[in-house]
Amino acid sequence: MRYLVIFMLVTVIASLGSALFFLFRDTGNSSRMLRSLAIRVGLSIALFIFLMVSYRFGLITGKL
């Protein structure tokens, strides 16, 4: 469980980094930065929902 959350956080940060890279590299006629940011938002929402559901079903205790 802990490794999945860490993996998701690293993936969110990597997506943010790729959006920053595309911001500087593309000349403005590409939507790669927008797609990368959309992936980051989707992953963040999925991680939040996963954590809420896991806590609700008792997979995550109050003590981490």
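Rule-based calculations on the coordinates, nothing more; no lab input. The structure presented is a predicted model; accordingly, all values stated were derived computationally and were not measured. Methodologically, a virtual Cβ is constructed for each residue, glycine included, from the backbone with ideal geometry; neighbour enumeration extends over all protein chains shown.
Normalised by 2.2 N^0.38 Å, where N is the number of residues, the C-alpha radius of gyration of the stretch 1-53 stands at 1.29. I'd like to know which of L51, A38, V10 lies farthest towards the positive end of the charge dipole of the chain, counting +1 on Cβ of Lys and Arg and -1 on Cβ of Asp and Glu. Most positive-ward Cα: L51. Ordered by the count of other Cβ atoms within 10 Å of each Cβ, fewest first, S30, S54 give S30, S54. Between S44 and T61, full extension at 0.36 nm per residue minus the direct alpha carbon distance yields a gain of 4.0 nm.
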